[in-house]
């Protein structure tokens, strides 16, 4: 079942990499700028369009959902790897900026949790 949707994923990745390379050239950077993210957006848009028109079969839809679930952690891991290398090469300011952003994100988790709860839901206490 997971093999279905692989062709669509690969086409989206190819299109995203090409668009990312073009975007890099357009802004004067010798790198792929957001190609994998663009590919993910293309995959989401095409899958939703196929779902709305009823032209997607159940095994293909499940395959696309599987690859989408696998795809996001891979993208996050790739981005994190690049960010760590850039921070180390950037010196103390890059490391400080990364550490502060992680600290702020961790501090905002409880705030976002409280905002996401509705009034009718009882608050869990540990």
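Where a number appears in this text, it was derived from the coordinates with a stated rule and is not lab data. Remember, it's a predicted structure, so these values are computed and weren't measured experimentally. Note: ideal-geometry Cβ built from the backbone for every residue, glycine included; neighbour counts use all protein chains shown.
Assuming R0 = 35 Å, what is the FRET efficiency of residue 58 and residue 93, from their Cβ-Cβ distance, to the nearest 0.05?
0.10
Rounded, prolate or oblate: which one fits the stretch 6-91, using the alpha carbon gyration tensor with axes a ≥ b ≥ c (rounded when a/c is under 1.5, else prolate when a/b beats b/c, else oblate)? Intermediate results must be reported in sequence, preceding the final value.
Numbers: a/c = 3.73, a/b = 1.86, b/c = 2.01.
Oblate.
How high is the relative contact order of the stretch 6-91, given as a whole-number percent (alpha carbon pairs under 8 Å, six or more residues apart)?
Numbers: 59 pairs, mean separation 23.0, N = 86.
It comes to 27 percent, rounded to a whole number.
Would you mind ranking 40, 93 by Cβ crowding within 10 Å, fewest neighbours first? Before the final figure, lay out each step's value.
Details: 40 19, 93 9.
The fewest-first ordering by Cβ neighbours comes to 93, 40.
Give the order of 106, 66 when sorted by the count of other beta carbons within 10 angstrom, beginning with the fewest.
On the way: 106 9, 66 17.
Ascending Cβ contact count within 10 Å gives the list 106, 66.
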